[in-house]
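Chemist: Got a structure here, written out as structure tokens. Questions coming.
The values are calculated or read from the model by the stated rules, or taken from the named source; none is laboratory data. Since we're looking at a predicted model, the values are computed, not measured. For neighbour counting, all protein chains shown are included, and Cβ atoms are generated from backbone atoms with ideal geometry for every residue, glycine included.
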Amino acid sequence: MRLSDSEPGSNFYWGAATAAYQIEGSPMADGAGRCIWQEFSHTPGTTYDGQTGDLACDHYHRFAEDIELMRNLGLGAYRFSIRWPRVLPDGVGEPNPAGLAFYDRLLDGVLAAGLEPFVTLFHWDFPSALQRRGGWSNRDSADWFGEYASVVAAALGDRVRWWTTLNEPFVVAEQGHLVGAHAPGVRNIYAAGHAIHNQLRAHVAAWTALKAANPEASVGIALHNAAVWPASESEADIAATEVAHAWHNFPLFLEPLVYGRYPPELEPRLRPYLPSGYEEDMAALCLPPDFAGINYYSGYRVRHDATKWTGFVASKEPGVPKTTMDWLIRPEGLSFILEQAHEKYKLPHLFVTENGASFDDRRDGQAVHDPERIAYLEAHVGEVLRVRKEGVPVQGYFVWSLLDNFEWALGYSKRFGIVYVDFDTQERVVKDSGHWYGELARSGHLPVA
Ligand code: FCB
């Protein structure tokens, strides 16, 4: 399939995505402050084999080499995140010039390599100093984040057009505050409800700060998505699937931002856990983003279960292929999500800000053969190009991830990169999927695998 078949082909970005804590390492270098992922991963029993992001891919020192890799592959865009406490060690207050200087060098390198930067302000590395003040449970968190956005915009805003405020605020609320499997490791449904609402408010504060610094900036939010289908034709399963979609996917954040309300299917269940008086904030939250970032990996079938607070569970599906995350491979779900997001919210642009797969890759000299990842990417990219042809305004696709990296609580046990990282030597080896993806990015044609 030719990209140029789907107008306007020339504006399509083929990129790779990363996140600061997952690749940078050196979390305390040059005056940086601690973040909740550093504290969480150093707490015994929280991550796979006690692994941390202390070194990760050592990108803090090897960023030039990593940019060169992307240039050599022929990618057109790079989505990376800024580590908030590098820039503001206490989360607010005095900025750290050395921290800003790192991102200044990184951004200049990205631009010099001809890559379009897509900058995410928050990919989960919340400043510890602010966590001690209640983190996302504290209503002031929206102002803290707005202040941080202003500092970053003043330093980098002259060179960045595409900004993402938050990455997957749903996962921050659910895994970080309800399940407790991610930092800050809280297990409290009220904290989760507050985290949802205050992240929405924080997104709006950052959106406003970024626009004030540059009205031409495009500011969006990257959202978690898993396609859902009912496990049966029963009314109960169909209704439960609507709740699952509202809870897990883009409606949880786009419904407030576009229509000034929580998704009606979900609100009665969520209401008890939101901050009291939340209704009074809703009008101010109604500020549609310039784009939505769609993160998509997997899909599942939903079964009604009255014993759960959400009223549903994922039903088992033997026989569907999975990645090593145990995530079902469902490429058709990506088009479903993109079509639904467009139909419901009609934003100017959509981006696939993350899509990819973990497999047990093995190094074979200077090669890594990963045909399963190529098949995964090919199927998902095919769906993106198909819906784009049908008029869904998808403007770019970012593979997760450029590098094998610190996969949060699962440490280095899951490899998502199109570039293999030997964590003993920090050597990078481009996987077959990296060569394949580079050819796609250079030509706009799906290569013959
Ligand atoms: C997403 C995260 C990203 C990465 C992938 C596998 O939820 O945004 O950092 O961990 O999953």
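Chemist: Being touching a residue at least 12 places away in the same chain (Cβ under 8 Å), within 16 Å of the ligand (Cβ to nearest atom), among the hydroxyl-bearing types (Ser, Thr, Tyr) and touching a Lys or Arg at 6+ places or on another chain (Cβ under 6 Å) is the requirement here; does residue 413 meet it?
Modeler: no
Chemist: Then there's this: Tell me the residue from 337, 329, 294 that is modelled with pLDDT of 95 or more, more than 26 Å from residue 203 (Cβ to Cβ) and among the aliphatic types (A, V, I, L, M), please. So that I can check it myself, show each step before the final result.
Modeler: On the way: 337 fails: more than 26 Å from residue 203 (Cβ to Cβ); 294 fails: more than 26 Å from residue 203 (Cβ to Cβ).
Residue meeting the stated conditions: 329.
Residues are listed down the side, and each one gets a yes or a no for (1) surrounded by 14 or more Cβ atoms within 10 Å (Cβ to Cβ); (2) hydrophobic (A, V, I, L, M, F, W, C); (3) in contact with a helix residue (DSSP H, G or I) (Cβ under 7 Å, 6 or more places away or on another chain):
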| site | (1), (2), (3) |
| --- | --- |
| 27 | yes, no, yes |
| 32 | yes, yes, yes |
| 35 | yes, yes, yes |
| 39 | yes, no, yes |
| 45 | no, no, no |
| 50 | no, no, no |
| 75 | yes, yes, yes |
| 81 | yes, no, yes |
| 91 | yes, no, yes |
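Chemist: Oh, and also: Would you point out which residue out of 54, 30 is touching a Gly at 6+ places or on another chain (Cβ under 9 Å) and under 23 Å from residue 147 (Cα atoms)?
Modeler: The unique qualifying residue is 30.
Chemist: If you check 263, 272, which single one turns out to be touching a helix residue (DSSP H, G or I) at 6+ places or on another chain (Cβ under 6 Å) and either under 16 Å from residue 197 (Cα atoms) or not aliphatic (A, V, I, L, M) (or both)? Let's see the steps before the verdict.
Modeler: Details: 272 fails: touching a helix residue (DSSP H, G or I) at 6+ places or on another chain (Cβ under 6 Å).
Checking each option against the conditions leaves just 263.
Chemist: Same structure again: Whether any residue in region 187-207 is more than 21 Å from residue 270 (Cα to Cα) and without any contact (Cβ under 8 Å) to a residue 40 or more places away in the chain is what I want to check. Before the answer, list the steps.
Modeler: At the first step, the residues of region 187-207 found to be more than 21 Å from residue 270 (Cα to Cα) are 205-207.
If we keep only those that are without any contact (Cβ under 8 Å) to a residue 40 or more places away in the chain as well, we get none.
No - not one qualifying residue is present in region 187-207.
Chemist: Testing residue 317 on (1) more than 16 Å from the ligand (Cβ to nearest atom); (2) acidic (Asp, Glu); (3) crowded, with 16+ Cβ neighbours inside 10 Å; (4) part of a loop (DSSP other than H, G, I, E, B), one condition comes back false. Which one is that?
Modeler: (3)
Chemist: Could you tell me whether any residue of region 32-43 is at pLDDT 95 or above, in contact with a Lys or Arg (Cβ under 8 Å, 6 or more places away or on another chain) and within 16 Å of the ligand (Cβ to nearest atom)?
Modeler: yes
Chemist: Another one. Mind telling me which of the residues 267, 233, 242 ends up being more than 28 Å from residue 190 (Cα to Cα) and of a type in the set (Asp, Glu)?
Modeler: Criteria check complete, one pass: 233.
Chemist: Right, next: Which of the helices (runs of 4 or more DSSP H) contained wholly in region 121-174 include at least 1 residues that are within 16 Å of the ligand (Cβ to nearest atom) and in contact with a helix residue (DSSP H, G or I) (Cβ under 7 Å, 6 or more places away or on another chain)?
Modeler: Fully inside region 121-174 and qualifying: 169-173.
Chemist: Within 16 Å of the ligand (Cβ to nearest atom), at pLDDT 95 or above and in contact with a strand residue (DSSP E or B) (Cβ under 6 Å, 6 or more places away or on another chain), is that true of residue 349? Please lay out each step first, then the result.
Modeler: Numbers: within 16 Å of the ligand (Cβ to nearest atom): no; at pLDDT 95 or above: yes; in contact with a strand residue (DSSP E or B) (Cβ under 6 Å, 6 or more places away or on another chain): yes.
The answer is no for residue 349.
Chemist: Just give me the residues in region 178-190 being closer than 20 Å to residue 272 by Cβ and within 15 Å of the ligand (Cβ to nearest atom), in sequence order. Let's see the steps before the verdict.
Modeler: The initial filter retains those residues of region 178-190 that are closer than 20 Å to residue 272 by Cβ, namely 178-180, 186-190.
Of everything in region 178-190, just one residue is closer than 20 Å to residue 272 by Cβ and within 15 Å of the ligand (Cβ to nearest atom), namely 179.
Chemist: For region 296-316, how many residues are of a type outside the set (D, E, K, R) and within 29 Å of residue 397 (Cα to Cα)? Write out each step before concluding.
Modeler: At the first step, the residues of region 296-316 found to be of a type outside the set (D, E, K, R) are 296-300, 302, 304, 306-307, 309-315.
Next, from what is left, pick out any that are within 29 Å of residue 397 (Cα to Cα): 296-300, 302, 314.
Total meeting the criteria: 7.
Chemist: Within region 386-409, count every residue that is within 16 Å of the ligand (Cβ to nearest atom) and out of contact with any Ser or Thr (no Cβ under 6 Å at 6 or more places or on another chain).
Modeler: Start the filter on region 386-409 by keeping residues that are within 16 Å of the ligand (Cβ to nearest atom), which leaves 397-409.
Among the residues that remain, those that are also out of contact with any Ser or Thr (no Cβ under 6 Å at 6 or more places or on another chain) are: 397, 399-400, 403-408.
Here the count works out to 9.
Chemist: In addition: Pick from 105, 86: which is surrounded by fewer than 24 Cβ atoms within 10 Å (Cβ to Cβ), touching a residue at least 12 places away in the same chain (Cβ under 8 Å), away from the ligand (no atom under 16 Å from the Cβ) and not in a loop (DSSP other than H, G, I, E, B)?
Modeler: Exactly one residue qualifies, and that residue is 105.
Chemist: Could you tell me how many of the residues in region 105-132 are more than 22 Å from the chain's Cα centre (by Cα) and either charged (D, E, K, R) or closer than 12 Å to residue 82 by Cβ (or both)?
Modeler: 3
Chemist: Let me ask something else. Restricting to region 354-372, count the residues that are of a type outside the set (S, T, N, Q), within 13 Å of the ligand (Cβ to nearest atom) and without any contact (Cβ under 8 Å) to a residue 60 or more places away in the chain.
Modeler: Residues in region 354-372 being of a type outside the set (S, T, N, Q), within 13 Å of the ligand (Cβ to nearest atom) and without any contact (Cβ under 8 Å) to a residue 60 or more places away in the chain: 1 in total.
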